[in-house]
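Input: one structure, supplied below.
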Amino acid sequence: MPVHDHSTPLHTEPAPAPSSKRRLHFIGGLRTRLVVAFVLVALVSAVTATALAYRESRTAVLQRAQDSFQKDFLARIETVVPNVDMPPDTQSLASLATRVSEGLSGAPLVVARYQDLKATSDSLADDSRISPQLRSAVSTLDRTSFQRVEHAGEPYLVVGTPVTYENGQTSGLEVYGVASLRPEQEATTGVLDAVRGGIVPVVLLAALLALLAARTVLRPVRELGRATRRLAEGDLDSRVAVRGGDELADLARDFNHTADELRASVGGLRDQEARARRFVADVSHELRTPLAAMTMVATVLDEDADRLPPDAAHAARTVSAETARLSRLVDDLMEMSRFDSGAAALNAGEIDLGETVRASLALRGWTEAVRLELPEGVRTVADRRRVDVIVANLVGNALRHGAPPVTVAVGAEWDWVTVTVTDSGPGLPPEVLAHVFERFYKADASRTRTRGDGGSGLGTAIALENARLHGGTVEAANRTDGVTGAVFTLRLPHRHHKEELTP
Amino acid sequence: MPHVLLIEDDASVRDGMELVLRRHGYDVDAAATGEEALALLDGERGERIELAVLDLMLPGMDGFEVCRRIRTRTTTLPVIMLTARGDDQDIVNGLEAGADDYVVKPVTAPVLEARIRAALRRAEPSAPVPEAADQGGLHIDRAGLTVTKNGAPVALPPTELRLLLELSASPGRVFSREQLLASVWEHTFLGDSRLVDAAVGRLRAKLEDVPAKPRYVQTVRGFGYRFGPL
């Protein structure tokens with residue numbers, strides 16, 4: 001056995017992380033993103049096109065309305081003004097406004113001003129639509145001006161013009177016309193409504209197209225995802241169908257190629273490993289026949305050693321002792337290769353753990369060397385021979401590498417039974433702790449083996465494999481009670497009936 | 001001087017065993033093949049052979065077949081098989097073929113001898129346990145080592161006979177497999193309880209009216225076996 005076959009805790013393997021950790025990522029999924037992108041593009045283009053078209057048509061419509069109103073308004077004034085006496089009084093102003101208004105389509109509000117006098121075509125109408133800016137523009141710049149105003153939610157065009165004499169001299173008379181732009185607004189709004197009505201089907205169509213596009217992209221992506229997960233779960237035959245010649249097809253081809261390579265290299269490794277295992281098994285098996293003969297006759301050497309000359313006697317005893325050791329080594333190798341090949345089987349029955357430990361120690365003459373804490377009646381279903389092997393290895397280890405006192409304690413918990421082997425040696429340095437269960441691990445390479453050391457270098461590894469076969473474990477640690485020393489704990493499932501055992 | 005038949009194909013192993021057994025006072029007949037061994041059993045010295053040590057891995061006729069053929073010739077010859085360690089199926093098959101015990105190769109001389117002695121003791125007339133008992137149609141003559149059922153003799157190999165004697169000595173008492181291994185096979189505590197199960201199976205096949213519903217040798221689940229109650 002290697003120097004201090006002590007070790008890291010090796011629990012039963014935790015269940016592998018759930019392989020299908022697939023969250024339902026509807027939000028942020030490729031499909032959602034595609035649809036959102038398509039819809040956004042459709043909306044932006046529709047809105048931009050509409051906005052441009054709307055602006056253009058609105059400008060055109062308004063310009064036309066403005067031009068025609070202005071033209072009609074000025075023409076009307078031309079017609080009416082010569083009949084007005086200058087300077088006008090309120091009455092003539094009113095008649096001017098009324099006549100201008102009457103001559104225009106839609107009878108717009110007309111306001112005529114002369115200095116402080118003012119008359120409107122409709123006395124009830126509110127002339128606040130004529131802004132001071134417009135008025136000052138008309139009076140100071142002395143030319144026809146117009147302004148678009150919003151009044152009570154309705155758009156209006158206000159045109160103002162100074163009336164001049166034929167020689168170009170200003171008369172001081174100003175005429176304002178207020179025309180509703182409502183028909184024009186309705187015309188342009190109609191454009192907007194038409195666009196709004198059209199946007200919904202366009203967006204739906206975009207979404208539909210996006211879904212179709214997503215489908216053609218997503219199906220191979222999903223297949224690839226499934227194949228990858230299968231591969232990750234160990235199905236090395238997982239492949240995807242390659243369709244078409246696009247980037248996704250390339251990706252699929254690459255995936256298949258990777259999987260091929262992986263399968264080939266894993267297969268190669270497995271073959272190698274199987275060959276190595278078979279080789280160990282074959283070697284051990286082949287060693288056994290000559291060993292059987294040597295083991296058998298070794299007793300003769302032992303029996304007759306006393307009658308041999310001293311050197312021959314020494315040689316005879318050495319041959320006998322080393323034959324026994326070789327025999328144990330081959331036994332351990334065979335045992336190990338059976339674990340490796342999965343051929344190890346449990347021959348389980350109900351056992352009393354305390355009794356088993358006691359017998360195990362008694363068989364090897366260790367009862368005196370070990371302090372026992374064996375409560376009565378700790379029973380479980382286990383393979384007696386294998387439990388003996390574990391106990392013998394752990395206690396043998398403690399006696400060889402630890403220091404006395406060595407304590408062996410049996411305990412029972414709710415679902416475990418334990419055998420704890422504690423020594424009072426130097427304990428296990430962390431770097432040793434990590435390797436204690438490795439085969440042929442030697443904690444101190446410089447340490448020479450004493451004769452009859454008895455260990456094969458496989459003891460802790462075999463103990464662990466035997467424990468695992470039961471669904472149990474062997475853990476190695478240092479004492480935590482203030483004393484130096486190593487603690488090895490065998491933990492076996494606490495089973496009450498043979499039926500509970502599922503090998 | 002006990003007479004042992006050794007059946008082992010490897011010359012070195014065979015010679016080694018022969019050497020050791022001769023040194024410890026056994027008469028040894030060695031055979032390299034099953035055919036040779038059966039010829040020896042049928043020969044003029046065959047009557048004197050008291051025990052067979054049989055390697056299961058033999059060229060030609062394998063050890064299981066040799067064991068079965070030995071059983072057709074004699075029910076009383078103890079057979080100890082030599083097996084490779086841990087080849088569990090071999091052990092089970094060997095026990096089914098009628099072997100009484102097994103040792104694992106490589107075996108040391110003291111272990112082999114201890115097994116041989118134990119097997120031979122089972123075949124000897126037992127210590128003077130008195131009366132012949134008649135239990136439920138079963139007549140067990142403890143001195144003469146004969147068993148008759150409803151007047152008809154039942155031929156039992158020594159291991160099965162010892163097992164029956166052990167169990168029937170205390171009718172109704174439950175024996176654990178370990179106890180039976182220790183008392184009948186003289187194994188250490190590490191003995192293989194399948195030996196007991198296999199022997200019980202063979203015993204029932206010869207003794208019980210319906211081996212699947214045994215009256216004489218009953219199973220007590222989780223504990224072991226008992227004789228009766230009838």
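Tell me which residues, restricted to segment A:145-174, are touching a Ser or Thr at 6+ places or on another chain (Cβ under 6 Å) and aliphatic (A, V, I, L, M).
Residue satisfying the conditions is A:Val163 alone.
Could you please find all residues in segment A:97-116 being outside any loop (DSSP other than H, G, I, E, B) and modelled with pLDDT under 80? Even if it seems obvious, please write down each step before you answer.
Applying the first criterion (outside any loop (DSSP other than H, G, I, E, B)) to segment A:97-116 yields A:97-102, A:109-114.
Hits for segment A:97-116: nothing passes.
Each row is one residue, and each column tells you yes or no for (1) within 14 Å of chain B (Cβ to nearest Cβ); (2) touching a strand residue (DSSP E or B) at 6+ places or on another chain (Cβ under 8 Å); (3) assigned to a loop (DSSP other than H, G, I, E, B).
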{"position": "A:Ile351", "(1), (2), (3)": "yes, yes, no"}
{"position": "A:Arg358", "(1), (2), (3)": "yes, yes, no"}
{"position": "A:Arg386", "(1), (2), (3)": "yes, no, no"}
{"position": "A:Val395", "(1), (2), (3)": "no, yes, no"}
{"position": "A:Thr418", "(1), (2), (3)": "no, yes, no"}
{"position": "A:Val421", "(1), (2), (3)": "no, yes, no"}
{"position": "A:Gly427", "(1), (2), (3)": "no, yes, yes"}
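Which one is farthest from the other protein chains (Cβ to nearest Cβ) among residues in segment B:106-121 that are in contact (Cβ under 8 Å) with a residue 24 or more places away in the chain and more than 16 Å from the chain's Cα centre (by Cα)?
Selected residue: B:Val107.
Just need a number here: residues in segment A:310-325 that are closer than 13 Å to A:Leu458 by Cα and within 11 Å of chain B (Cβ to nearest Cβ).
Matching residues across segment A:310-325 total 0.
Separate question: Of the conditions (1) surrounded by 14 or more Cβ atoms within 10 Å (Cβ to Cβ); (2) out of contact with any Pro (no Cβ under 6 Å at 6 or more places or on another chain), A:Leu248 clears all except one; give me its number.
Unmet condition: (2).
Do you know which residues across segment B:55-105 are of a type outside the set (Gly, Ala, Ser), more than 23 Å from A:Glu335 (Cβ to Cβ) and surrounded by 22 or more Cβ atoms within 10 Å (Cβ to Cβ)? Can you show your working first?
Just the residues of segment B:55-105 that are of a type outside the set (Gly, Ala, Ser), to begin with: B:55-59, B:61-62, B:64-83, B:85, B:87-93, B:95-96, B:100-105.
This time we only want the ones that are more than 23 Å from A:Glu335 (Cβ to Cβ), so: B:58-59, B:61-62, B:64-79, B:96, B:100.
Within segment B:55-105, B:Leu58, B:Val66, B:Cys67, B:Ile70, B:Pro78, B:Val79, B:Asp100 qualify.
Also, I was wondering about something else. Got a sec? Which of A:Gly485, A:Gly457 is at pLDDT below 85 and not charged (D, E, K, R)?
A:Gly457 is the lone residue from the list that is at pLDDT below 85 and not charged (D, E, K, R).
Scan segment B:187-214 residue by residue and report those that are within 14 Å of chain A (Cβ to nearest Cβ) and not in a helix (DSSP H, G or I).
Passing the criteria: B:His187, B:Thr188, B:Phe189, B:Leu190, B:Gly191, B:Asp192.
Let me ask something else. Looking at segment A:278-298, is at least one residue of a type in the set (Lys, Arg), away from every other protein chain (no Cβ under 14 Å), more than 27 Å from the chain's Cα centre (by Cα) and assigned to a helix (DSSP H, G or I)?
Within segment A:278-298 (the criterion being of a type in the set (Lys, Arg), away from every other protein chain (no Cβ under 14 Å), more than 27 Å from the chain's Cα centre (by Cα) and assigned to a helix (DSSP H, G or I)), the answer is yes, since at least one residue qualifies.
Consider segment B:161-208. How many of its residues are free of Cβ contacts under 8 Å to residues at least 60 places away in the same chain, out of contact with any Gly (no Cβ under 7 Å at 6 or more places or on another chain) and among the basic types (Lys, Arg)?
4
Name the pairs whose Cβ atoms lie under 6 Å apart, with the first residue in segment B:147-160 and in a loop (DSSP other than H, G, I, E, B), the second crowded, with 17+ Cβ neighbours inside 10 Å, and 6 or more positions between them or separate chains?
B:Leu156/B:Val147
Every residue, every condition in (1) outside any helix (DSSP H, G or I); (2) not β-branched (Val, Ile, Thr), yes or no:
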| position | (1), (2) |
| --- | --- |
| B:Met61 | yes, yes |
| B:Cys67 | no, yes |
| B:Thr83 | yes, no |
| B:Asp90 | no, yes |
| B:Leu95 | no, yes |
| B:Gly98 | yes, yes |
| B:Val103 | yes, no |
| B:Arg115 | no, yes |
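Do you know which residues across segment B:44-59 are within 23 Å of A:Thr289 (Cβ to Cβ) and either free of Cβ contacts under 8 Å to residues at least 60 places away in the same chain or among the basic types (Lys, Arg) (or both)?
Passing the criteria: B:Ala52, B:Leu54, B:Asp55, B:Leu56, B:Met57, B:Leu58, B:Pro59.
If you check A:Leu224, A:Leu204, A:Leu208, which single one turns out to be surrounded by 15 or more Cβ atoms within 10 Å (Cβ to Cβ) and either in the same structural domain as A:Phe38 (by TED's automatic domain parsing) or modelled with pLDDT of 80 or more (or both)?
Checking each option against the conditions leaves just A:Leu224.
While we're here: How many residues does segment B:209-230 hold that are charged (D, E, K, R) and buried (at least 16 other Cβ atoms within 10 Å of the Cβ)?
Residues flagged as charged (D, E, K, R) and buried (at least 16 other Cβ atoms within 10 Å of the Cβ) within segment B:209-230 amount to 2.
List, please: which pairs have Cβ atoms under 7 Å, are six or more places apart or on different chains, and start with a residue in segment A:216-239 that is of a type in the set (Asp, Glu) and end with one that is outside any helix (DSSP H, G or I)?
Within 7 Å, the pairs are A:Glu223/A:Val240; A:Glu233/A:Ser19.
Additional query: Looking at the structure I just gave you, is A:Leu308 surrounded by 13 or more Cβ atoms within 10 Å (Cβ to Cβ) and without any contact (Cβ under 8 Å) to a residue 12 or more places away in the chain?
Answer is yes for this residue.
Can you find a residue that is part of a helix (DSSP H, G or I), surrounded by 12 or more Cβ atoms within 10 Å (Cβ to Cβ) and outside the structural domain of A:Gly153 (by TED's automatic domain parsing) anywhere in segment A:167-184?
no
Restricting attention to segment A:338-349, and to residues there that are in a loop (DSSP other than H, G, I, E, B) and hydrophobic (A, V, I, L, M, F, W, C), which single residue is nearest to the other protein chains (Cβ to nearest Cβ)?
A:Ala345
A:Tyr176 - would you say it is at pLDDT 80 or above and of a type in the set (Phe, Trp, Tyr)?
Yes, satisfied.
Here's the yes/no breakdown for (1) surrounded by fewer than 17 Cβ atoms within 10 Å (Cβ to Cβ); (2) without any contact (Cβ under 8 Å) to a residue 60 or more places away in the chain; (3) not aliphatic (A, V, I, L, M):
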position: A:Val110; (1), (2), (3): no, no, no
position: A:Gln133; (1), (2), (3): yes, yes, yes
position: A:Ala137; (1), (2), (3): no, yes, no
position: A:Leu141; (1), (2), (3): yes, yes, no
position: A:Thr161; (1), (2), (3): no, no, yes
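Please work out if A:Val381 is touching a strand residue (DSSP E or B) at 6+ places or on another chain (Cβ under 8 Å), part of a helix (DSSP H, G or I), in contact (Cβ under 8 Å) with a residue 60 or more places away in the chain and under 19 Å from A:Glu465 (Cβ atoms).
Details: touching a strand residue (DSSP E or B) at 6+ places or on another chain (Cβ under 8 Å): yes; part of a helix (DSSP H, G or I): no; in contact (Cβ under 8 Å) with a residue 60 or more places away in the chain: yes; under 19 Å from A:Glu465 (Cβ atoms): yes.
No, not satisfied.
Could you tell me whether segment A:300-309 includes any residue that is more than 10 Å from chain B (Cβ to nearest Cβ) and basic (Lys, Arg)?
Initially, segment A:300-309 is screened for residues more than 10 Å from chain B (Cβ to nearest Cβ), giving A:301, A:305-309.
Narrowing the set further to residues that are basic (Lys, Arg) leaves A:307.
The answer is yes; a qualifying residue exists.
Same structure, new question: Within segment A:466-483, can you find the residues that are polar (S, T, N, Q) and part of a strand (DSSP E or B)?
Of everything in segment A:466-483, those that are polar (S, T, N, Q) and part of a strand (DSSP E or B) turn out to be A:Thr473, A:Asn478.
In segment A:361-371, is there at least one residue being farther than 30 Å from B:Arg23 by Cα, crowded, with 16+ Cβ neighbours inside 10 Å and facing another protein chain (nearest Cβ under 9 Å)?
Residues of segment A:361-371 that are farther than 30 Å from B:Arg23 by Cα, as a first pass: A:361, A:366-371.
Applying the additional criterion that residues be crowded, with 16+ Cβ neighbours inside 10 Å yields A:361, A:366, A:370.
Now drop any that are not facing another protein chain (nearest Cβ under 9 Å), which leaves none.
No, the conditions are met nowhere in segment A:361-371.
In contact (Cβ under 8 Å) with a residue 40 or more places away in the chain, in a helix (DSSP H, G or I) and among the acidic types (Asp, Glu): is that true of A:Glu335 in this structure? Give the derivation first.
Values: in contact (Cβ under 8 Å) with a residue 40 or more places away in the chain: yes; in a helix (DSSP H, G or I): yes; among the acidic types (Asp, Glu): yes.
Taking the combined requirement at face value, the residue satisfies it.
The values are calculated or read from the model by the stated rules, or taken from the named source; none is laboratory data. This is a predicted model, so every value here is computed, not measured. Cβ sites come from the backbone with ideal geometry, for glycine too, and all protein chains shown count toward neighbours.
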